[in-house]
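Chemist: One structure coming up, written as structure tokens, with questions to follow.
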Amino acid sequence: MARVLILGGGFAGVFTAKAMARNAPAGLEIVLVSQTNYFTFQPLLPEVAAGALSASDSVTQLRQLLKGVTIVQAEVLDVDFAAKTVTVTQGSKRRVTNLSYDQLVLALGQVVRLDRVPGLNEHAFAVKTTAHAHRLRNHVINCLEYADGIEDPQVRKRLLSFVVIGAGFSGVETIGELKDMIDRSLKYYPNIARDEVRMLLVEFSGRILGELPESLARYAEKSLNRQGVEVWLNTGVKGATLYNVEMTDGRVVDAATVVATIGNGPSALVEAMAETLGVALERGKLRTDEFMRIPGYENVWAAGDAALIPMKNKKGEDVFAPPTAQFAVREGQQLAANIIAALKGTALKPFHYIPRGSMASIGNFRAVADVMGVRLSGVTAWLMWRAFYLGMLPGMVTKLRVVMNWTLDLFAPRNLGQIEQAHKSGARMMRFSKGQTVFEPGMSANGFYTIVKGSFCVSILRADGQEPFTRTLKKGDHFGERVLFRPDKRIHTGRVDVLEDSLVLRLEKDDFWRLAHSMPMLESYFRDYIKEKFPGDLQPEEIHDDVN
Ligand SMILES: Cc1cc2nc3c(=O)[nH]c(=O)nc-3n(C[C@H](O)[C@H](O)[C@H](O)COP(=O)(O)OP(=O)(O)OC[C@H]3O[C@@H](n4cnc5c(N)ncnc54)[C@H](O)[C@@H]3O)c2cc1C
């Protein structure tokens, strides 16, 4: 039986899988791999951040959504295009599995990459996942709670200043929604005056909403101004600290909340794939041909934000499909048809889609819309915006839930309870009993383990087939560093067996990196340790810089 393997459970992946399941010939297996077990409707995230909807309203479980599709919740680690296998890892032990494919769809989207502006990685909020939106909502409520009870004018000013960087759809919608939320909530914070709240939208180019006609963008800007949102155009951001954000023209704004809707880029995985495929990333994306196939590969396809797909616009000019949900949905549907055609040996169709329109909500029950050339703004556009996104939302139950919560939000005050998500500490204790196994050979470790009590036996297979390298580790010793210090994701664990009842401190990979990288003595300790303890073929490569 032929297998179509779809990597990514976002708009492109889900709509490819849906269309495949509907139209595929009998006997075709469709498998979708996603690191979450749900699909996120990203356009609703600004409303989640502003508490108009809850995080669960913006997601739908993939198994409910995709009948006839096998769902694998796992993180994709690597693709071997020659062997036609994808390596994935699952569970807290990061067990590694290889999935084979006949046809492969790369729909892994983009990730937030803020490393180009100092301080944004550390201090800016993103709005790309439900966790981001939830965190931003809690932080904004925290600022209001704190500001209501504090007198220091400097601190009050910082707490009540909210800066959003980037005035595309997500930036405009985020600032509009946050402004709404704050305005509606101030009656519960008697010590905060309305004019103390500062909302600032910063945009590098000369206009907001670059995807919409200029007249609508101007309307949106004026409407935001009327609501009390300042808009700084032609302004870049130079850096951010815990206390402020600095613009390239030297202006500095004290703010405890900086939201960055800029900086989408390829994940490290997509970069690695491009290298293996032997194609250069263009604009941070995998360039496809007009059929959405990676040139030179009969059975590898890409769609959505991760792909750069050439097409013709309505004037017949050569353009690339823009990175929007609307396009990702059409790409997915066309891609499914093309894969089926390829399997049947019939002609493929180039990707072509003329969008029906674009719209953006700007808060305060207003939106701007360009629908088939008709330009609308205000409440009518806002109603259309809601109807349009409701139509796009997958799953009847999700639609109903969103309609109910939207309706409730028209009359009821926002829920300002700061429901904390369980805090997952980067350092935690773990207990093991004698005879248990921590790692089996071939897992993909992402933690660093220090032995607090007890002992372990580590045994690592050698590449040359000689006797395994074996050591006994006791209190104060550690393991995990050999895998973490290698940039090559293909290096896997050896076997780690528990020799007596033991207690270990486990440090998450990213926390370990931050610590090792920030303390030169730790970094040189590990460098020397690995050189000394792991002989010959176990020698690690240079410690890499990727600590963020
Ligand atoms: C706040 C916000 C508002 C937006 N508003 C609009 C709007 O109004 N209109 C519009 O058209 N577009 C909008 N967009 C853009 C739109 O959401 C994206 O264009 C769309 O999500 C792209 O779909 P995709 O499938 O390519 O990527 P995504 O939806 O990002 O999906 C990528 C998938 O790949 C998975 N994945 C990634 N790496 C791995 C891995 N290693 N292993 C396993 N799975 C992995 C992810 O978990 C995810 O499921 C908005 C985006 C944001 C963030």
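The values are calculated or read from the model by the stated rules, or taken from the named source; none is laboratory data. No experiment lies behind these values; they were computed from the predicted model shown. Cβ sites come from the backbone with ideal geometry, for glycine too, and all protein chains shown count toward neighbours.
Chemist: Please work out if Asp318 is in the same structural domain as Ala19 (by TED's automatic domain parsing) and under 24 Å from the mean Cα position of the chain (by Cα). Step through it out loud before you land on a result.
Modeler: Working: in the same structural domain as Ala19 (by TED's automatic domain parsing): yes; under 24 Å from the mean Cα position of the chain (by Cα): no.
Here the answer is no, as Asp318 does not meet what is asked.
Chemist: Being part of a loop (DSSP other than H, G, I, E, B) and within 8 Å of the ligand (Cβ to nearest atom) is the filter here; which residues of the stretch 1-26 pass it?
Modeler: So the first thing to find is which residues in the stretch 1-26 are part of a loop (DSSP other than H, G, I, E, B), and the list is 1-2, 8-10, 24-26.
Result: Gly8, Gly9, Gly10.
Chemist: Then there is this: Given the conditions (1) away from the ligand (no atom under 15 Å from the Cβ); (2) on the phi > 0 side of the Ramachandran plot, which single one is not true for Arg283?
Modeler: (1)
Chemist: Do we find a residue being touching a Ser or Thr at 6+ places or on another chain (Cβ under 9 Å) and more than 16 Å from the ligand (Cβ to nearest atom) anywhere in the stretch 308-325? Explain how you work it out, then say what you get.
Modeler: So in the stretch 308-325, the residues touching a Ser or Thr at 6+ places or on another chain (Cβ under 9 Å) come out as 308-310, 324.
If we keep only those that are more than 16 Å from the ligand (Cβ to nearest atom) as well, we get 310.
Taking every residue of the stretch 308-325 in turn, at least one turns out to be touching a Ser or Thr at 6+ places or on another chain (Cβ under 9 Å) and more than 16 Å from the ligand (Cβ to nearest atom).
Chemist: Something else: Restricting the search to the stretch 242-260, which residues are in contact (Cβ under 8 Å) with a residue 60 or more places away in the chain and within 11 Å of Val163 (Cβ to Cβ)? Even if it seems obvious, please write down each step before you answer.
Modeler: First, pick out the residues of the stretch 242-260 that are in contact (Cβ under 8 Å) with a residue 60 or more places away in the chain: 242-245, 253-260.
Across the stretch 242-260, the qualifying residues are Asn244, Val245, Val253, Asp254, Ala255, Ala256, Thr257, Val258, Val259, Ala260.
Chemist: Taking the stretch 349-364 as the search range and keeping residues that are in contact with a Lys or Arg (Cβ under 7 Å, 6 or more places away or on another chain) and of a type outside the set (Phe, Trp, Tyr), which one is modelled with the lowest pLDDT? Full working, then the answer.
Modeler: We begin by selecting, within the stretch 349-364, every residue in contact with a Lys or Arg (Cβ under 7 Å, 6 or more places away or on another chain); these are 352-354, 363.
With the extra rule that they be of a type outside the set (Phe, Trp, Tyr), the set shrinks to 352, 354, 363.
Numbers: His352: 94, Ile354: 89, Gly363: 84.
So the residue we want is Gly363.
Chemist: Could you list, in sequence order, all residues of the stretch 197-216 that are of a type outside the set (Val, Ile, Thr), touching a strand residue (DSSP E or B) at 6+ places or on another chain (Cβ under 9 Å) and not in a strand (DSSP E or B)?
Modeler: Going through the stretch 197-216, the residues of a type outside the set (Val, Ile, Thr) turn out to be 198-201, 203-207, 209-216.
Next cut, touching a strand residue (DSSP E or B) at 6+ places or on another chain (Cβ under 9 Å) only: 198-201, 203-204, 209, 211-213, 215-216.
Matches in the stretch 197-216: Glu203, Phe204, Leu209, Glu211, Leu212, Pro213, Ser215, Leu216.
Chemist: Restricting to the stretch 56-81, and then to whatever is more than 10 Å from the ligand (Cβ to nearest atom) and out of contact with any helix residue (DSSP H, G or I) (no Cβ under 9 Å at 6 or more places or on another chain), can you tell me which residue is nearest to Asn138 (Cα to Cα)?
Modeler: Gln61
Chemist: Restricting to the stretch 33-55, name every residue that is over 18 Å from Val403 (Cβ atoms), more than 8 Å from the ligand (Cβ to nearest atom) and either assigned by TED's automatic domain parsing to the domain that holds Asn405 or surrounded by fewer than 24 Cβ atoms within 10 Å (Cβ to Cβ) (or both).
Modeler: Residues satisfying the conditions are Asn37, Tyr38.
Chemist: When you scan the stretch 146-157, do you find a residue that is closer than 30 Å to Glu440 by Cβ and either basic (Lys, Arg) or crowded, with 21+ Cβ neighbours inside 10 Å (or both), even just one? Don't jump to the end; show me each part of the working.
Modeler: Quick first cut of the stretch 146-157, residues closer than 30 Å to Glu440 by Cβ only: none.
Within the stretch 146-157, none of the residues are closer than 30 Å to Glu440 by Cβ and either basic (Lys, Arg) or crowded, with 21+ Cβ neighbours inside 10 Å (or both).
Chemist: Could you pull out every one of the strands (runs of 3 or more DSSP E) wholly within the stretch 27-122 that has 3 or more residues that are among the hydrophobic types (A, V, I, L, M, F, W, C)?
Modeler: 29-34, 75-80, 103-106
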